[in-house]
Amino acid sequence: MLHYIVQIMVYQLLFVLVYDVFLKKETFFNWNRAYLLITMLLSFLIPVIKIKSFQTAIAKQYAVALPEVFIGNKTPIVLGEVALGTSQTNSFSWSWSYLFVLGSGVMFFIFLSKLFKIINLYRKGAKQKVKKFTIVKLSDSNAAFSFFNAIFIGDLVEQQERETILRHELVHAKQKHSLDMVFFELLKIVFWFNPMVYICQDRISHIHEYIADKELAGYEGKKQYYLNLLSKIFDTKKITFINTFFKQSLIKKRIVMLQKSKSKQIKLVKYALLLPVIVSMLMYSSCSNENLNNQEHNKEASIMENIDALKESIAAKGEMTPEEEKAFKALVVLISDEGLNHDYYEEVSETIEIPFGVVENVPVYPGCESLESKNEMIKCMHENITKFVGDNFNTKVSKGLGLEGNQRIMVAFKIDTQGNIKEVKARAQHKALQEEAERVVNLLPKMIPGEQKGKKVTVPYMLPIMFALDE
């Protein structure tokens, strides 16, 4: 869910950036209105769309991250398989759920209070029916705004300005601008924490005024309309989903927009920029959906990098406190063969690398093959690999390198269809550590290769090593 929400916010940001950079200054007001509404809806739909052709076009290569090995001046710590700390995660999830519900409750209350204010003004005001619209006179007020088919206007508004204001608000009513504003208000109830919803609502409220101004300027002439626009600032109450005749912060922008020449039709081609943006989003969402499914069952290297601080603390002390153990368990993703989705698998050849979490028969360390379950063999293999590396890593290699503190080494390797260790590549702060890590991993014994649908397959791995240097 968090990933979905982040995608929504990022997509909305990208859509708004395209609007602000390329479309905002054009006079295609109705097009811009449609753009903001459609892209807002697309931002919610795109993250759940999964196009298989995009998935197959991008190579699927995932490396299982083995438990990290701590070596050096402290007693080596081998972190084997640990169960996910459900009590920790559940507590965290519930706390965020309460906050979400609280925020939504507050925004719903605010929405209702605004609605009741309008209803109250409608009930108290004198009404005049004009075709399908209702003009509501507000006593002791110089406010002017519209809400759906109701046009509210204060009795203190001067008669000479009244006709212009009514025509202006009539444009809002006819074009159903209130629907747009209520749509954003409802979004704010659910996504109260998302600043992009507020930004988009502000952008579309500007467009509403530009549309109404354009209609009135064509009717009265621009010069006369400028004078009416500048003649008085109306004291309208702050109700965000009404269309007000005058809003002080908008007046300058409205006049500037009125002065602009009509945009040339050729500039409509700018809206085509939306196509590559949407395609890019669909590609990411299609692939990220699958990535997430795999990440639920694979310990990715990125997970290990995200918890550096915790594990460096463990390495420094040589053991975990109960509190650290709970925190660590809450961060580790358990490799499992349960709940896997095999729909996207095709018949594979011996040379194709298969993501670890979906291999039917996983690679097995010599001596672990007699164990009954797949999870037991996985655990046995992890323990043996981490123990082998811890026992064989030459800690003296760091002498004279001028390195201090804990050194992280990331080693990538593959177990091929013959069970051999191949393509060993390490990354470290110093080349000597990198070479030593590669040497040790290359010494690993020949494994029993993994199998998928009766065929031996290559499986990629990632081994993180934390080397604690002598102080």
Inset, instruction - Would you check which residues across the range 1-37 are surrounded by fewer than 19 Cβ atoms within 10 Å (Cβ to Cβ) and either under 21 Å from residue 193 (Cα atoms) or assigned by TED's automatic domain parsing to the domain that holds residue 208 (or both) and list them? - result: 1, 2, 3, 4, 5, 6, 9, 10, 13, 14, 17, 37
Legend entry - Answer residue from the range 372-409, given it is part of a helix (DSSP H, G or I), out of contact with any Pro (no Cβ under 9 Å at 6 or more places or on another chain) and among the charged types (D, E, K, R) and is surrounded by the fewest Cβ atoms within 10 Å (Cβ to Cβ) among those: 396
Inset, instruction - Scan 456, 414 and give me the residue that is in the same structural domain as residue 360 (by TED's automatic domain parsing), basic (Lys, Arg), modelled with pLDDT of 90 or more and within 16 Å of residue 361 (Cα to Cα). - result: 414
Legend entry - Members of the range 434-457 found to be β-branched (Val, Ile, Thr) and surrounded by fewer than 20 Cβ atoms within 10 Å (Cβ to Cβ), listed by number: 448
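The values are calculated or read from the model by the stated rules, or taken from the named source; none is laboratory data. Since the structure is predicted, the reported quantities are computational estimates derived from the model, not experimental observations. We place every Cβ from the backbone using ideal geometry, glycine too, and count neighbours over all the protein chains shown.
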